[in-house]
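The block underneath contains the structure these notes are about, expressed in structure tokens.
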Amino acid sequence: MRLFVALSPPPEALAEVAAAVEPHRDGWPELRWVAPELWHITMSFLGEVSGEVVPELSARLARAAGRHPAMRLSFGAAGAFSSPARAKVVWLGVHGGGPGLSRLAASLAAGARRAGAGPPDDKPFRPHLTLARARPRTGADVRPLVEALASFAGTPWRADAVHLMRSHQGPSVRYEPLGAWPLTGRG
């Protein structure tokens, strides 16, 4: 099964994002927009994982989450991977959490590796909320879109749990929660 570990922003924060993004959707037909009900912050992408690993993975994720405190986060200016001129992914930045957010991501990835469900790559952690993906394989020039969303600044919200999610691929992607663990560590 295809798994990832995520933070799930509250509906109010996602509603702000939806309101900011909606006016731009129709102007970018070359982008495949992610449905708002699928929006999340990926802390660790695990890829294909055997169901036999899930109990140990759950225990290790719970342990990792318990070592880190809840944090205040917010969404900010847009950007693109690899660049706005040749974008494959359009995103909003995640602000707040300080170095604790990166430490949480590293701790979750390490726990997953120890459980036998390690991330398939060593990409550096760059917290973001994926808004859209480019249709062409070469990328899209989204500089005007990134500029239009450059001043976005969402209301801060409390990230207080991590979620293990299963991704069901196909014509209609959906995510299934497999577990959630509170961030209960001391700051």
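The values are calculated or read from the model by the stated rules, or taken from the named source; none is laboratory data. The structure presented is a predicted model; accordingly, all values stated were derived computationally and were not measured. Virtual Cβ from ideal backbone geometry, glycine too; neighbours counted across all protein chains shown. The area values use the complete protein model at the heavy-atom level, side chains included, leaving out ligands, DNA and RNA. Shrake-Rupley method; radii C 1.70, N 1.55, O 1.52, S 1.80 Å.
Test of understanding: among Arg186, Arg135, which residue is basic (Lys, Arg) and surrounded by 12 or more Cβ atoms within 10 Å (Cβ to Cβ)? Before you say what the answer is, go through the steps one by one.
Details: Arg186 fails: surrounded by 12 or more Cβ atoms within 10 Å (Cβ to Cβ).
Exactly one residue qualifies, and that residue is Arg135.
One line per residue, one yes/no per condition, for (1) among the aliphatic types (A, V, I, L, M); (2) open to solvent by 30 Å² or more (accessible area, probe 1.4 Å); (3) touching a strand residue (DSSP E or B) at 6+ places or on another chain (Cβ under 8 Å):
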site	(1), (2), (3)
Val21	yes, no, yes
Arg32	no, yes, yes
Pro36	no, yes, no
Thr42	no, yes, yes
Met71	yes, no, yes
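Condition check ((1) in a helix (DSSP H, G or I); (2) touching a Ser or Thr at 6+ places or on another chain (Cβ under 9 Å); (3) of a type in the set (A, V, I, L, M, F, W, C)) across all residues:
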residue	(1), (2), (3)
Leu129	no, no, yes
Val146	yes, no, yes
Phe152	no, no, yes
Ala180	no, yes, yes
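Of the conditions (1) over 18 Å from Val17 (Cβ atoms); (2) surrounded by fewer than 17 Cβ atoms within 10 Å (Cβ to Cβ), Gly118 clears all except one; give me its number.
(2)
Does region 39-62 contain any residue that is assigned to a strand (DSSP E or B) and at positive phi? Don't jump to the end; show me each part of the working.
Pass one, region 39-62, residues assigned to a strand (DSSP E or B): 41-48.
Imposing the further condition that a residue be at positive phi reduces the set to 47.
Yes, some residue in region 39-62 is assigned to a strand (DSSP E or B) and at positive phi.
Being in contact (Cβ under 8 Å) with a residue 24 or more places away in the chain, surrounded by 18 or more Cβ atoms within 10 Å (Cβ to Cβ) and of a type in the set (Gly, Ala, Ser), is that true of even one residue in region 151-164?
Yes, region 151-164 contains at least one residue that is in contact (Cβ under 8 Å) with a residue 24 or more places away in the chain, surrounded by 18 or more Cβ atoms within 10 Å (Cβ to Cβ) and of a type in the set (Gly, Ala, Ser).
Of all the residues that make up region 81-132, how many are closer than 30 Å to Asp26 by Cα and among the aromatic types (Phe, Trp, Tyr)?
Of the residues in region 81-132, 2 are closer than 30 Å to Asp26 by Cα and among the aromatic types (Phe, Trp, Tyr).
Being modelled with pLDDT of 95 or more and among the basic types (Lys, Arg) is true for just one of Arg137, Arg60. Which residue is that?
Arg60
Please go through region 63-104 and pick out each residue that is outside any helix (DSSP H, G or I), hydroxyl-bearing (Ser, Thr, Tyr) and at pLDDT 95 or above.
Ser74
Okay, residues lined up against (1) among the β-branched types (Val, Ile, Thr); (2) over 13 Å from the mean Cα position of the chain (by Cα):
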residue	(1), (2)
Pro127	no, no
Ala132	no, no
Arg135	no, yes
Val142	yes, yes
Ser151	no, yes
Trp157	no, yes
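Hey, can you tell me all the residues within region 38-74 that are over 18 Å from Arg2 (Cα atoms) and without any contact (Cβ under 8 Å) to a residue 12 or more places away in the chain?
none
Of the numbered conditions (1) touching a Lys or Arg at 6+ places or on another chain (Cβ under 8 Å); (2) within 16 Å of Ala161 (Cα to Cα), Leu101 fails exactly one; give the number of that condition.
(1)
What number of residues within region 73-92 satisfy the criterion of being touching a Leu at 6+ places or on another chain (Cβ under 9 Å) and surrounded by fewer than 17 Cβ atoms within 10 Å (Cβ to Cβ)?
Summing the residues that are touching a Leu at 6+ places or on another chain (Cβ under 9 Å) and surrounded by fewer than 17 Cβ atoms within 10 Å (Cβ to Cβ) in region 73-92 gives 1.
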